[in-house]
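Every read-out reported here was derived from the displayed coordinates using simple, explicitly stated rules and does not represent laboratory data. On a predicted model such as this, the values are computed, not experimentally measured, just so you know. With ideal geometry, Cβ positions are generated from the backbone for all residues, glycine too; neighbour counts draw on all protein chains shown.
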Amino acid sequence: MDDLYREVIIEHYKNPGYRGRLDPYDIRFADNNPLCGDHIEITLRTDESGTITDARFDGHGCAISQASADLLVESIIGKSIEEVKHLNKEYILDMLGIDLGPVRLKCALLSLKVLKAGVYGLGEASDSLVE
């Protein structure tokens with residue numbers, strides 16, 4: 001089963017469906033993983049009811065960080081900002097489907113950290129956002 005999930009990760013890394021930047025956007029946030037140099041920026045468009053109508057990510061980094069960003073962005077289109085605020089690390093880990101060590105866990109969770117900092121309107125992302 002791990003091989004299937006690894007294939008999904010590689011596919012989203014090599015051929016991300018949601019890479020890019022929205023212009024105009026309603027929410028934008030970016031951050032880095034200082035341990036490995038991964039960088040993620042997420043831009044969102046929302047409608048008047050607070051539903052995410054479009055989303056994109058941009059950045060660079062390892063296969064785990066980039067694949068998790070693509071999977072996350074794909075999954076939140078159609079969700080409300082309130083729903084996104086309640087996403088946690090298990091949400092990302094379930095999408096990835098493989099066990100990760102502490103360093104790779106930070107890579108996988110960077111996109112969720114960025115997304116939540118953006119929807120909460122924070123000036124700085126915090127690891128506590130992904131617990």
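Some observations on this one:
- In the stretch 99-115, residue farthest from the chain's Cα centre (by Cα) [restricted to those that are outside any loop (DSSP other than H, G, I, E, B) and without any contact (Cβ under 8 Å) to a residue 60 or more places away in the chain]: Pro102
- Residue within the stretch 43-55 that is part of a helix (DSSP H, G or I) and hydrophobic (A, V, I, L, M, F, W, C) present: no
- Boolean, Glu90 is assigned to a helix (DSSP H, G or I), more than 14 Å from the chain's Cα centre (by Cα) and not hydroxyl-bearing (Ser, Thr, Tyr): no
- Pairs, first under 18 Å from Leu110 (Cα atoms) in the stretch 13-40, second in a strand (DSSP E or B) and among the basic types (Lys, Arg), C-beta under 9 Å, six or more apart: Tyr18/Arg56; Arg19/Arg56; Gly20/Arg56; Arg21/Arg28; Arg21/Arg56; Ile27/Arg45
- All positions within the stretch 39-55 that are surrounded by fewer than 22 Cβ atoms within 10 Å (Cβ to Cβ), touching a helix residue (DSSP H, G or I) at 6+ places or on another chain (Cβ under 8 Å) and within 26 Å of Glu7 (Cα to Cα): Glu41
- Options Gly101, Gly121; residue that is in contact with a strand residue (DSSP E or B) (Cβ under 9 Å, 6 or more places away or on another chain) and surrounded by fewer than 15 Cβ atoms within 10 Å (Cβ to Cβ): Gly121
- Test: Ser49 is of a type in the set (Ser, Thr, Tyr), out of contact with any His (no Cβ under 9 Å at 6 or more places or on another chain) and within 23 Å of Lys79 (Cα to Cα): yes
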